[in-house]
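Input: one structure, supplied below.
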Amino acid sequence: MQNRIYGGDSLEIRRMDFSGFDLDGKDKTWNLKGVKLYKKRLRSRYIEKKDTLLSIGLLNRVLYQQSRGGQSIVSIEDKLMQIDYKEAEEYLRFPMKQGDSIAGQFSGKGLYCGQVPVYRYGTYVTKADSVGKIILPSGKEIYGVARVHTERLINLDYDNKTAERTKMQENVYRWFADGYRYPILEAIITTKSEKVMEQLLFYCNPEDQERLASNDVNKVVRDAVAKVGESSRNEKNTKNDDGFRYEISQNGQGISIHYQTEKPVKIVAMLASNQGYVYQHIERNDGADTGEIDISTNGLRRGQYVVYLNANGKNHAEKISVR
């Protein structure tokens, strides 16, 4: 998934009824058909500020520091408080495959209700804990969905003799899909003294994300994942009616894509994680002949990856293992 935030992005967000949603999903399928979707349409915006990006969302404003390796939260502001972090929270790592996790501490100071100094600190654990598919309210199926769960233990100390320390727990679930920048779903559960204080569920229509700028690579990923989800994910020596045939081989340094085409072809080849983060992107125009594309896997962690091919608009995809 290309989860880098882009300044200028704007997304439509709608509330869904949390009580009608199965958080864990049945057979790794999160079904939104029949879950109440509220009519009110809200927007979330992203603004670039020097080396940071500001997210203006429904509940708060969040300032992110973004690098090639991931995103960290450096400042937050909601209707009650504003906090600047001294110890930032690592929000997301590129890429995160199933089983990967991040853990750490966060701490920062700010103001409560614009007047009372407050110190916010605690711990967090973020883990990509499940992979499956989402069935949208329309019935369309989205494959290659990874659920990322963040658990925060939050302490709030107020510089006010009348206010006691507040302790709470926040569980945030985000559902990322291959080929989409932002989560399709986000659930937030806040508890205090083991009592659930708030449960929220937000839906970002994937079709809205498909209209974002600088999205060509994601479109290739989406098209390939959709094709793979509807057919075999291990199809080899594929031949379509466009006369394109390919085979993938591996060695210790990388992979080779050997292909044969019966007519001139434009080929787009990508190596990506299971969650859709693209490591390499190669484009080539070739005549009616045989050819080879080499992609290095040096520096990649062990695990499963996906090779995506687009030949004259026809999509192919195949899983590989890096050991």
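The values are calculated or read from the model by the stated rules, or taken from the named source; none is laboratory data. None of these values were measured; they are calculated from a predicted model. Because the Cβ atoms are built from the backbone with ideal geometry, glycine has one as well, and the counts that use them run over all protein chains shown. Accessible surface is based on the protein model in full, side chains and every heavy atom, while ligands, DNA and RNA are left aside. Shrake-Rupley method; radii C 1.70, N 1.55, O 1.52, S 1.80 Å.
Classify the stretch 100-146: rounded, prolate or oblate, from the alpha-carbon gyration tensor (a ≥ b ≥ c, eigenvalue square roots; a/c under 1.5 rounded; otherwise prolate if a/b is larger than b/c)?
Values: a/c = 7.78, a/b = 2.10, b/c = 3.71.
Verdict is oblate for the stretch 100-146.
With +1 on the Cβ of every Lys and Arg and -1 on the Cβ of every Asp and Glu, and nothing else charged, how large is the dipole of the chain about its Cα centre, in debye rounded to the nearest 20?
So the magnitude is around 640 debye.
Take the solvent-accessible surface of the protein heavy atoms, probe 1.4 Å, and return the percent of it on the chain that carbon and sulfur atoms account for.
Details: 7150 of 16590 Å².
So the carbon and sulfur contribution to the accessible surface is 43 percent.
For the chain, what is the accessible area per residue in Å², given a 1.4 Å probe and the full set of protein chains? Before the final figure, lay out the partial values.
Working: 16590 Å² over 323 residues.
About 51 Å² of surface per residue is accessible.
About the Cα centre of the stretch 3-109, how large is the charge dipole given +1 on each Lys and Arg Cβ and -1 on each Asp and Glu Cβ? Please answer in debye to the nearest 20. Display every interim value, and only then the final one.
On the way: 21 positive and 15 negative charges, 110 e Å.
My answer is approximately 520 debye.
Additional query: Dimensions of the chain along principal axes (Cα, Å, largest first)?
Cα extents, longest axis first: 79, 42, 33 Å.
For the stretch 65-140, what percent of Cα pairs sit more than 18 Å apart?
On the way: 1569 of 2850 pairs.
Tail fraction, whole percent: 55.
Given Cα pairs under 8 Å that are at least 6 residues apart, what percent is the relative contact order of the stretch 2-125? All intermediate terms of the calculation are to be shown ahead of the outcome.
Numbers: 244 pairs, mean separation 19.8, N = 124.
Over the stretch 2-125, the number comes to 16 percent.
Between the stretch 4-48 and the stretch 299-322, what's the alpha-carbon centroid distance in Å?
The stretch 4-48 and the stretch 299-322 have Cα centres separated by 28 Å.
Packing-wise, with mean Cβ within 10 Å as the measure, how do 264-273, 192-201 rank, highest first? Numbers along the way, then the final one.
Details: 264-273: 20.0, 192-201: 12.4.
Ranking the peptides 264-273, 192-201 by packing returns 264-273, 192-201.
Still on this model: Which entries in Lys33/Lys192; Lys39/Lys127; Lys28/Lys97; Lys33/Lys314 show an alpha-carbon gap greater than 25 Å?
Details: Lys33/Lys192 31 Å; Lys39/Lys127 32 Å; Lys28/Lys97 15 Å; Lys33/Lys314 30 Å.
As for pairs spanning more than 25 Å Cα to Cα, those are Lys33/Lys192; Lys39/Lys127; Lys33/Lys314.
Another question about this same structure. Using only the alpha-carbon atoms of the stretch 17-164 as identical scatterers, what base-10 log of I(q)/I(0) does the Debye formula give at q = 0.13 Å⁻¹?
-0.79
Angle, helix 216-230 long axis vs. longest principal axis of the chain, Cα atoms, 0 to 90°, nearest 10?
Tilt relative to the chain: about 80 degrees.
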